[in-house]
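K.L.:
Dropping the structure in here first, questions after.
The values are calculated or read from the model by the stated rules, or taken from the named source; none is laboratory data. Everything quoted here is computed from the prediction, not taken from an experiment. Methodologically, a virtual Cβ is constructed for each residue, glycine included, from the backbone with ideal geometry; neighbour enumeration extends over all protein chains shown.
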Amino acid sequence: MPFNSTGHPALAINAGFAPTNDGKQLPVGMMIVGRKFDDVTVLQVIAGYEDGRDPRQFPNMAVTEYT
């Protein structure tokens, strides 16, 4: 269900890139969904996440199979 029709604030951001078996990088996204009409908390969570990570460093995850 689309969050904009339920009143839940949601925000998607780039969480980095994951290496594949063939040496390429796939983008990884993250979506934060908050309680109804609690936009401020969603923005605070995203701000905290972005402040606490190095955008140049890849997350420690690997994609082993995709279709």
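K.L.:
May I ask you to list the residues in the stretch 16-49 that are of a type in the set (Asp, Glu) and either at pLDDT below 85 or over 29 Å from ASN4 (Cα atoms) (or both)? Before the answer, list the steps.
P.N.:
From the stretch 16-49, those of a type in the set (Asp, Glu) are 22, 38-39; that's our starting set.
Correct list: ASP22 only.
K.L.:
Please verify whether LEU11 is at pLDDT 85 or above, in a helix (DSSP H, G or I) and not β-branched (Val, Ile, Thr), treating the condition exactly as stated. First the steps, then the outcome.
P.N.:
Details: at pLDDT 85 or above: yes; in a helix (DSSP H, G or I): no; not β-branched (Val, Ile, Thr): yes.
In short, no.
K.L.:
I would also like to ask the following. Look at ALA18 and say whether it is loosely packed, with under 13 Cβ neighbours inside 10 Å, touching a strand residue (DSSP E or B) at 6+ places or on another chain (Cβ under 6 Å) and touching a residue at least 12 places away in the same chain (Cβ under 8 Å). Explain how you work it out, then say what you get.
P.N.:
Details: loosely packed, with under 13 Cβ neighbours inside 10 Å: no; touching a strand residue (DSSP E or B) at 6+ places or on another chain (Cβ under 6 Å): yes; touching a residue at least 12 places away in the same chain (Cβ under 8 Å): yes.
Here the answer is no, as ALA18 does not meet what is asked.
K.L.:
Note down all Cβ pairs under 9 Å where the first residue falls in the stretch 35-51 and is more than 16 Å from ILE13 (Cβ to Cβ) and without any contact (Cβ under 8 Å) to a residue 40 or more places away in the chain, the second is surrounded by fewer than 13 Cβ atoms within 10 Å (Cβ to Cβ) and β-branched (Val, Ile, Thr), and they're at least six residues apart or on different chains.
P.N.:
From residues that are more than 16 Å from ILE13 (Cβ to Cβ) and without any contact (Cβ under 8 Å) to a residue 40 or more places away in the chain, the pairs are ARG35/THR41; LYS36/THR6.
K.L.:
While we're looking at this one, here's another question. Kindly provide the set of residues from the stretch 22-53 that are surrounded by fewer than 12 Cβ atoms within 10 Å (Cβ to Cβ), in a loop (DSSP other than H, G, I, E, B) and within 14 Å of the chain's Cα centre (by Cα), ordered by number.
P.N.:
Hit for the stretch 22-53 is GLY52, nothing else.
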